[in-house]
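Working notes, structure below.
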Amino acid sequence: MTEFIQQPWPWYVAGPLIGLTVPVLLILGNKSFGISSSLRHICALCLPANIPFFKYNWKKEVWNLVFVFGIFLGGVITMLFFSNHNPIEVHPDLAKELAGYGITDYTNLVPVQLMNWESLFTVRGLLIMVGGGFMVGFGTRYAGGCTSGHSIMGIANLQLPSLIATVCFMIGGFLMANVLLPIILSL
């Protein structure tokens, strides 16, 4: 059983499990699934400032904070008890391309050559970590939600804005992976 949990789950198992969260949340309490909204709830909880965006009854959304804490706790439990200590398997063609950018260490989920304190103070690291974080935060706020809220919950509810947001997420991801990331990695 442990070996099964340590391996990546096929799409036909993981996809339906993720998809089933939508009807479960709707049936159990007419709740909307989304992860980015929890940041707003945490800010409203921890920073009771006089900012209109954070003035609402966050206590009725405490279930969302519990849900996100459960995701965090699941990650900790998985790391402690079910970690797969084998190097990440990378397709040989991709490994060859990444080696051209100086990325050769696949022992972690994210290459050490990209994500470390020394890299943060380079142009490449600053663009990837700080710029990328800013763009994800800005995009989430501008789109009115994150990929989980729009792509899983919104499309399941047949919401046109969620379909448009998901198409934009996909286009942005393709452009980033195929156009901008090679440019950034070559810096």
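The values are calculated or read from the model by the stated rules, or taken from the named source; none is laboratory data. Everything numeric here is computed off the predicted structure, so don't read it as measured data. Heads up, the Cβs are rebuilt from the backbone with ideal geometry, glycines too, and the neighbour counts pull from every protein chain shown. Side chains included, ligands, DNA and RNA excluded: accessible areas come from the protein's heavy atoms. Shrake-Rupley method; radii C 1.70, N 1.55, O 1.52, S 1.80 Å.
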FRET efficiency for residue 17 and residue 109 from the Cβ-Cβ distance with R0 = 25 Å, rounded to 0.05, comes out at 0.75
For the range 1-150, what % of the accessible area comes from carbon and sulfur atoms, probe 1.4 Å?
71
Which loop-located chymotrypsin sites (Phe, Trp or Tyr not before Pro) does the range 93-172 contain, where loop means any DSSP state but H, G, I, E or B and the Cβ has at most 12 other Cβ atoms within 10 Å?
121
Stokes-Einstein D in µm²/s, Kirkwood radius over Cα pairs - the chain at 25 °C with 0.890 mPa s viscosity:
126
Would you mind calculating the gained length between residue 97 and residue 171 on full extension (0.36 nm times residue separation, minus the Cα-Cα distance), in nm to one decimal?
24.4 nm
From the mean inverse distance of alpha carbon pairs (Kirkwood) and the Cα radius of gyration, derive Rg over Rh for the range 91-154.
1.10
If you count only protein heavy atoms with a 1.4 Å probe, what accessible area per residue comes out for the chain, rounded to a whole Å²?
72
Going by average Cβ density within 10 Å per residue, which order do the peptides 17-26, 147-156 take, highest to lowest?
147-156, 17-26
In deg cm²/dmol and to the nearest 500, what is the mean residue ellipticity at 222 nm of the chain if only DSSP H runs of at least 4 residues count, each as -39500 (n - 2.57), divided by the residue total?
-15500 deg cm²/dmol
Here the range 1-74 gives, from Cα atoms, an Rg and Dmax in Å of 16.0, 51
